[in-house]
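Here the structure comes first, spelled out in structure tokens, and everything after it is commentary.
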Amino acid sequence: MSTAMNFSSKSFTPRPPDKGAFPLDHFGECSAFKERFMECLRRSGYESAACRQSAMAYLECRMDRRVAQLMANEPLEKLGFKDLINEKSEEKPEKS
């Protein structure tokens with residue numbers, strides 16, 4: 001009796017993760033935002049919570065560059081910035 005299994009009948013097709021990885025910014029379209037974020041991290045002792053505004057701006061830049069496909073467009077609420085969006089909308093005065 002043979003206990004060998006035939007694995008060739010099933011094929012695995014790898015696919016990239018939905019979130020957490022995106023292409024490099026080869027043309028530096030968002031490098032200014034990245035540098036502001038990195039400077040904020042250095043100033044805050046690498047406390048990322050203190051730099052959430054910079055992180056949000058960086059991700060917005062990447063999503064706005066759809067031609068370069070730097071990042072798929074995703075609602076900022078789903079990326080963990082719901083509280084910052086609410087603060088932003090409260091700061092804007094309503095037009096009368």
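Checking each residue in region 24-44 for being open to solvent by less than 60 Å² (accessible area, probe 1.4 Å) and either more than 14 Å from the chain's Cα centre (by Cα) or hydroxyl-bearing (Ser, Thr, Tyr) (or both) picks out GLY28, SER31, ALA32, CYS40, LEU41, SER44. Scanning region 21-49 for residues that are closer than 16 Å to PHE81 by Cβ and at pLDDT below 95 gives SER48, ALA49. As a summary of the residue check, SER89 satisfies the conditions (1) modelled with pLDDT of 90 or more; (2) not in a loop (DSSP other than H, G, I, E, B) except for the one numbered (1). Tallying residues that are part of a loop (DSSP other than H, G, I, E, B) and farther than 15 Å from ALA32 by Cβ within region 49-67 yields 2.
Whenever a residue of region 30-46 is over 22 Å from GLN69 (Cα atoms), its partners that are surrounded by fewer than 14 Cβ atoms within 10 Å (Cβ to Cβ) and not polar (S, T, N, Q), lying with C-beta atoms within less than 7 angstrom and at least six residues away or across chains, give the pairs CYS40/ALA50; SER44/ALA50. Taking region 50-73 on its own, how many of its residues are open to solvent by 70 Å² or more (accessible area, probe 1.4 Å), within 18 Å of ASP83 (Cβ to Cβ) and of a type in the set (D, E, K, R)? Qualifying residue count for the region: 0.
The values are calculated or read from the model by the stated rules, or taken from the named source; none is laboratory data. Computed from a prediction, not measured in an experiment: that's the story for all the values here. Note: ideal-geometry Cβ built from the backbone for every residue, glycine included; neighbour counts use all protein chains shown. The protein model used for the area step is the full one, side chains on, heavy atoms only, and it has no ligands, DNA or RNA in it. Shrake-Rupley method; radii C 1.70, N 1.55, O 1.52, S 1.80 Å.
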